[in-house]
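Report on the structure given below.
Read-outs: derived from the displayed coordinates by stated rules, not from any lab. Everything numeric here is computed off the predicted structure, so don't read it as measured data. Every residue, glycine among them, receives a Cβ derived from its backbone with ideal geometry; neighbour counts consider all protein chains shown.
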Amino acid sequence: MAIRFRHSCAFLVLLLAVQLNACNQLQPKEAGPEARPVPNASSEPTEKVTEPVAEKSEGKKQGEPPPLSIARTEPTPPTAPPAPPRKLLSPLPVGDLIGLNREEARKLVGLPRTTSDEPPAVIWEYRHERCVLKLNFYLEVTKKVYRILSTKFEIPDGTRLSEQGCLDAIRSAT
């Protein structure tokens, strides 16, 4: 029984060797140095075609098709997404901030960078590269709603920016 198994294994190995040899004969012979790979048809659309390179036609036999022309490609750099459109804000005079509740202030000026409780006030702080705006909310006792009672602008000396300019800059940045 062991001898039969050995003969079967030897036969399978021989059969496998014959098949591998047959496959090897079907593959094309190695191409010369003038051969170039054909570009992949599934290449990304972000590549642009530059200069075509013609194949050498030495030793051309009759009845052969003309050599392929292969183009070299270079990837195009990715483009940045377009900038979001700037908000078109209705004008908001500085004096109109007085009396706004927190929800109204959030809608008109945006979310503050920081908030702090300094009883009896709640202070919202907005920062821009050129100025700082602080909205001071105080509780309106009869309605139990916090409203802006005062504003404070911090504009560095030498900056040509008015309070209105600071408010406009903050609103357009948020």
- request: Express in nm, to one decimal, how much length is gained between ARG106 and LEU149 on full extension, taking 0.36 nm for each residue of separation and deducting their alpha carbon distance.
  value: 13.9 nm
query: Rounded to the nearest 20 Debye, what is the dipole magnitude of the range 94-173 about its Cα centre when Lys and Arg each give +1 and Asp and Glu each give -1 at the C-beta?
result: 200
Length gained when the stretch VAL94-ALA173 is fully extended (0.36 nm per residue, less Cα-Cα span): 26.8 nm
query: Along the Cα-to-C-beta direction of LEU161, a point sits 7 Å from the Cα; which residues of the range 112-152 have their amide N less than 13 Å from that point?
result: 126-134
query: Could you work out Rg/(2.2 N^0.38 Å) for the range 94-173, with Rg from alpha carbons only?
result: 1.08
